[in-house]
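**Q** Before anything else, here's the structure in question.
The values are calculated or read from the model by the stated rules, or taken from the named source; none is laboratory data. Note that the structure is a prediction, hence the values are computed from the model and not measured. Here the Cβ is made from the backbone with ideal geometry for all residues, glycine too, and neighbour counts use every protein chain on show. We work out accessible area using only protein heavy atoms, side chains counted, and drop any ligands, DNA or RNA first. Shrake-Rupley method; radii C 1.70, N 1.55, O 1.52, S 1.80 Å.
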Amino acid sequence: MFDDAADIDLELALLKAEPLKALQSLQSKLPQLAPQLRRQRHLLCPLCCSGDDEVAAAAAKLLDQLAEPEATFCGGRRTFHYRGIEVEYWELDEDPGDLLFGYGAWPVAESLSKLLINSTLSEHDSQVVPSVHGKHVLEIGAGVALVGLTCCACGAKVRLTDGENRLVKALEEHHGHHNDLSFEVLDWNVDQGVEQFDIIVASDVLLCCCGAPEALPAVLSRRLKLDGKALLLNVLRGARAQLIAISLLQRHGFLVSIFAVASLDMLPLSTEQISKLPDAAHVLLVVTWAEEQMPLPASTT
Ligand SMILES: C[S@@+](CC[C@H](N)C(=O)[O-])C[C@H]1O[C@@H](n2cnc3c(N)ncnc32)[C@H](O)[C@@H]1O
């Protein structure tokens with residue numbers, strides 16, 4: 001028998017400094033460590049797009065092996081409560097064929113939901129997070145859509161989207177009766193949609209392994225109104241994904257404000273400071289059009 005917890009911690013700590021060695025060692029300990037490692041798959045995902053081909057291949061192989069059909073997560077109806085707002089959502093049974101573990105709500109989804117509720121309930125629009133009441137909101141990579149459903153509970157009209165058919169179908173089955181909700185399969189790698197929204201929200205989608213940092217800026221540039229705002233809250237798993245996204249967003253003409261979010265407090269950061277944050281920190285990117293992209297005021301002459 002392995003001392004599982006200790007083994008996992010040691011190997012995972014090594015992933016950054018010596019990724020190939022750590023991956024090979026984890027690999028050699030399957031299948032015993034599989035259940036523990038499955039819960040840490042998010043740490044392996046970024047390595048799939050490592051610049052080192054050997055590391056990327058080893059990470060992909062390990063993830064493949066972890067994706068065995070095993071009932072590790074059982075879905076069902078859940079309720080999220082915060083400040084008098086109640087949101088019902090449905091988690092699904094785990095399916096190894098899913099794109100990126102969207103069957104359950106991720107912890108950042110709760111944080112972003114709370115930030116949005118706070119702004120909507122406060123009398124004044126927060127400078128950072130807008131009130132969603134009466135707004136048209138798009139959620140990208142929604143998974144079980146806790147964030148989008150929270151926006152709806154706060155009085156927004158919401159389009160829930162994900163790249164995974166199964167998830168969008170389940171959202172429609174569970175919430176299709178609601179007049180203020182609509183549903184769409186939106187794969188950010190191929191999306192060409194142009195319908196525009198006041199607010200775009202996404203929680204925990206900026207992961208290197210699914211192309212989001214490269215693809216999302218173009219999606220936002222087509223889908224965000226000129227006076228709109230996008231909120232992308234993510235768990236940090238190395239700074240790379242955030243840095244790629246920020247640089248491409250800026251190239252598309254967006255202003256990106258960056259905040260570390262801890263206990264719902266938002267601390268402004270510079271781009272350089274992201275690399276100094278510990279993994280698992282929550283990073284919020286607030287995206288608006290840069291001023292020069294705004295339409296010129298009507299001529300008064
Ligand atoms: C880590 S989960 C986060 C789910 C949800 N936002 C949350 O915070 O609970 C990432 C989500 O991105 C979706 N996804 C992965 N690749 C995608 C793509 N190419 N286009 C759209 N969504 C994608 C997955 O299906 C999954 O629901």
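**Q** Let me confirm something: among Val147, Val168, Val137, which residue is touching a Cys at 6+ places or on another chain (Cβ under 6 Å), assigned by TED's automatic domain parsing to the domain that holds Gly211 and touching a residue at least 12 places away in the same chain (Cβ under 8 Å)? It would help to see each step written out before you state the result.
**A** On the way: Val147 fails: touching a Cys at 6+ places or on another chain (Cβ under 6 Å); Val168 fails: touching a Cys at 6+ places or on another chain (Cβ under 6 Å).
One residue alone meets the criteria, Val137.
**Q** How about the stretch 171-186: which of its residues are more than 22 Å from the chain's Cα centre (by Cα) and acidic (Asp, Glu)?
**A** Our first condition is that a residue be more than 22 Å from the chain's Cα centre (by Cα); within the stretch 171-186, this holds for 173, 176-180.
Passing the criteria: Glu173, Asp180.
**Q** Right, another one. Among the numbered conditions (1) surrounded by fewer than 22 Cβ atoms within 10 Å (Cβ to Cβ); (2) among the polar types (S, T, N, Q); (3) within 13 Å of the ligand (Cβ to nearest atom), tell me where Ser221 comes up short.
**A** Every condition holds for Ser221 apart from (3).
**Q** Here's a follow-up. Got a sec? Which helices (runs of 4 or more DSSP H) wholly within the stretch 6-49 have at least 2 residues that are more than 22 Å from Tyr103 (Cβ to Cβ)?
**A** Numbers: elements: 19-28, 34-38, 41-44.
Hits in the stretch 6-49: 19-28.
**Q** Could you identify the single residue in Glu139, Glu184, Glu195, Glu172 that is open to solvent by 20 Å² or more (accessible area, probe 1.4 Å) and within 12 Å of the ligand (Cβ to nearest atom)? Don't jump to the end; show me each part of the working.
**A** On the way: Glu139 fails: open to solvent by 20 Å² or more (accessible area, probe 1.4 Å); Glu195 fails: within 12 Å of the ligand (Cβ to nearest atom); Glu172 fails: within 12 Å of the ligand (Cβ to nearest atom).
Step by step, each of Glu139, Glu184, Glu195, Glu172 is checked, and only Glu184 is open to solvent by 20 Å² or more (accessible area, probe 1.4 Å) and within 12 Å of the ligand (Cβ to nearest atom).
**Q** Something else: Restricted to the stretch 142-169, and to residues that are among the polar types (S, T, N, Q) and near the ligand (Cβ under 10 Å from one of its atoms), which residue is modelled with the highest pLDDT? Lay out the reasoning, then the answer.
**A** At the first step, the residues of the stretch 142-169 found to be among the polar types (S, T, N, Q) are 150, 161, 165.
When the remaining residues are screened for being near the ligand (Cβ under 10 Å from one of its atoms), the result is 161, 165.
On the way: Thr161: 98, Asn165: 92.
Filtering the stretch 142-169 for residues that are among the polar types (S, T, N, Q) and near the ligand (Cβ under 10 Å from one of its atoms), the one modelled with the highest pLDDT comes out as Thr161.
**Q** May I pose another question? Which residues, counting only those in the stretch 198-207, are buried (at least 21 other Cβ atoms within 10 Å of the Cβ) and either aromatic (Phe, Trp, Tyr) or more than 7 Å from the ligand (Cβ to nearest atom) (or both)?
**A** Our first condition is that a residue be buried (at least 21 other Cβ atoms within 10 Å of the Cβ); within the stretch 198-207, this holds for 199-207.
Across the stretch 198-207, the qualifying residues are Ile199, Ile200, Val201, Leu206.
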